[in-house]
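Data first, discussion second: the structure below is written as structure tokens.
We did not get these values from a lab; they are worked out from the coordinates using the rules stated. None of the values given here were measured: they were computed from a predicted structure. As a convention, Cβ positions derive from the backbone with ideal geometry for all residues, glycine included, and neighbour counts pool all protein chains shown.
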Amino acid sequence: MAKKLLLIEPPFYRLYKDTYALEIFPLSIGYLSATVKRDTNWDVMAYNADFTPNAEIMQVSFLAGTGYRNYLNNLKDPDYNVWQEVKKTISSYRPDVIGITSKSQNFASARTVAKIAKDINTKTVVIIGGPHPTMVGKDVFKCQDIDAIAVGEGEETLVDFLKKLQSGESLDTVNGLMYRKNGIISVTPPRAYIQDLDALPFPHQSAKDVLKDYDKYPLSAFKSIFAARGCPYNCLFCGSRYLWSTKVRFRSAKSVAAEISELRKLGLNVIRFDDDTFGVHRKYIYELSDAISACCPDIKWSCEIHVRLVDEEIVSAMKKAGCYSIQIGIESGNNEMLKKIRKNITIEDAYNASKLIRSHSIEVQTFFMIGFPDETEETLKDTLSAIETIDSDAVSYSIFTPYPGTELFTTCKERGLVDDDFDVSLYNHQSPANHFCSHISHERFRELALEAEKMVDRRNNVKMIKRVFSAGTLRAVKDMGIRAAASKGLSFVRNYLNNR
């Protein structure tokens, strides 16, 4: 009988509210499950425990208020329906190995998943990977229910790990691994980064066979793809370079186009590049844009791009290839703060980039962050002003969280803003507990953060309504009558947003 692997994305948004969800097939467990299915004889199930059908649209102000209180309570409640679902899934599938992917913000949830697994069967091997375990290393083993850590890229490490477990061979030869045996932690040499990304299977190809509740997912759940791994930028708050490295590895334009063609055949009209930053090099952006135009001239796509890459020629090429939405990370509205966090842009650069993108009839989403260690009330207010005035279609807002392993985490530790018992998994980018400013009191910071949360929700709601109406709701109202249209409004908005 074949051995069984269960790959899990831990619940996070569902702990805030069970009608909130991560309505995607996460690329992390997508790549892992596809690679294991191709390269081993193990049975595989991929389980996004943060998914529920027909989830409602999340509001920042709810996440930061009632939602956060719910989150803390539900983390500790073994009877909460999400944990019962996790328990039922594990008990029913009876895996030999459970692989958990974890970011810092859902590591508390990952620990609970590991405990549930061990409570069901102490012989189940629990391996964890992802950004958080890669950044903190051995500290993960403070959770007694975790047996091993895949450090860095996990596809090849997981395959080797499973093969060695199955054969009974020593795990010492599995590079990129930390593991515990008889109370002793062993660390193997680092694994080299995958150089030929084209050799990886497309995640969606095995989704129907491995993904739990596949038929309940909207088609838009499979729209995300990677074109590259790695980020050459050096933002002080970000840990991406520790996971993927600063050297960018690109898939060939031909490979990306082939994946897009397959997604198009599934019925997807819209895709999203999930790269930390799209393109990086001008030549690659042109090559990729040409390849997309040639293979799928009717596809629409979105991406996140660095402000410094935005110019007339680049945006024109992307627009011609079907780009309809671009996200840009701005973070602060204050130039001195932008220097301190090594963003390598000015707020004027960001304003100009947003304006140029919109001049090509491409939607713009802007990312802002408040609460850096050197933040003052003046710099924060500059950010609030930028959020209110920048010419963008949507704003994504977050509060700075010091991720272990990053330079700003060290800064926070040195200034006494975090202590030795700091558990980053109890914080997140909308958490009201977040306060890592040296120059603003917690009480005043919460007042300013609440102002920001309300401003962002209000701004985004207005923009969303305008986009939805421009997309066809006015015609629906005219054709059906106001009462009938109102009854269909929520589903229309959901369908519209699922295709963004």
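Just from its helices, what would the mean residue ellipticity at 222 nm be for the chain, if runs of 4 or more DSSP H residues each count -39500 (n - 2.57) and the sum is divided by every residue, rounded to the nearest 500 deg cm²/dmol? Walk me through the intermediate numbers first.
Working: 20 runs with 216 residues, N = 500.
Computed ellipticity for the chain at 222 nm equals -13000 deg cm²/dmol.
Taking only the C-alpha atoms of segment 1-156, the Rg (one decimal) and the largest Cα-Cα distance, Dmax (whole number), read 15.2, 50 Å. Global size of segment 86-179: 12.6, 35 Å for Rg and Dmax (C-alpha atoms, Rg to one decimal, Dmax whole). Amide H to amide H distances under 5 Å link Val364 with Ile326, Asp393, Ala394, where only residues 5 or more positions off or on other chains count and H is placed in the peptide plane.
For the chain, DSSP calls about 20 percent of its internal beta bridges antiparallel.
Sorting the segments 74-82, 285-293, 110-118 by their mean number of nearby beta carbons within 10 angstrom, highest to lowest, gives 110-118, 285-293, 74-82. Taking Cα centre as origin and charging only the Cβ of basic (Lys, Arg, +1) and acidic (Asp, Glu, -1) residues, the dipole magnitude of segment 4-187 rounds to 460 debye. For a paramagnetic label modelled on Glu377 (point 7 Å from Cα along Cα→Cβ), amide N atoms under 15 Å away belong, within segment 418-450, to 438-450.
I'd like to compare 136-146, 157-167: which one has the highest average count of other Cβ atoms within 10 Å, and what's the full order after that? Write out the running numbers ahead of the final one.
Numbers: 136-146: 16.8, 157-167: 19.5.
Answer by packing, highest mean first, reads 157-167, 136-146.
The Tyr214 and Ser245 beta-carbon pair, evaluated with R₀ = 30 Å, returns a calculated FRET efficiency of approximately 0.35.
Between Lys138 and Glu262, the FRET efficiency from the beta-carbon distance, with R0 = 60 Å, is close to 0.90.
Under the simplified labelling scheme, the Ile120-Asn182 pair shows an inter-label distance of 3.0 nm, with each label point 7 Å from Cα along Cα→Cβ.
The three principal axes of the Cα atoms in segment 40-96 give end-to-end lengths of 46, 24, 18 Å, sorted in falling order. For Lys413, a cut-off of 29 angstrom between C-alpha atoms picks up these lysines, skipping any fewer than 8 places away in its own chain: Lys76, Lys103, Lys138, Lys142, Lys247, Lys339, Lys340, Lys343, Lys381.
Among Met369, Met1, the ranking by other beta carbons within 10 Å of each residue's beta carbon, starting with the fewest, stands as Met1, Met369.
If you put +1 on each Lys and Arg Cβ and -1 on each Asp and Glu Cβ, how big is the dipole of the chain around its Cα centre, in Debye rounded to 20?
Computed about the Cα centre, the dipole is about 1160 debye.
Per-residue counts of other Cβ atoms within 10 Å, averaged by peptide: what ranking do you get for 14-21, 310-317, highest first? Don't skip to the answer; put the middle values down first.
Working: 14-21: 21.0, 310-317: 15.9.
Descending packing order for the listed peptides: 14-21, 310-317.
Return the FRET efficiency for the residue pair Asp77, Glu388: r is the Cβ-Cβ distance, R0 is 30 Å, and the value is rounded to the nearest 0.05. Each step should come with its number before you reach the end.
On the way: r = 39 Å, r/R0 = 1.29.
The computed FRET efficiency comes out at 0.20.
Which length gain, in nm to one decimal place, applies between Arg282 and Glu85 when the Cα-Cα distance is subtracted from 0.36 nm times their residue separation?
Values: separation 197, 0.36 × 197 = 70.92 nm, distance 4.63 nm.
Full extension of this stretch gives 66.3 nm more.
Under the simplified labelling scheme, the Ser167-Ser92 pair shows an inter-label distance of 3.5 nm, with each label point 7 Å from Cα along Cα→Cβ.
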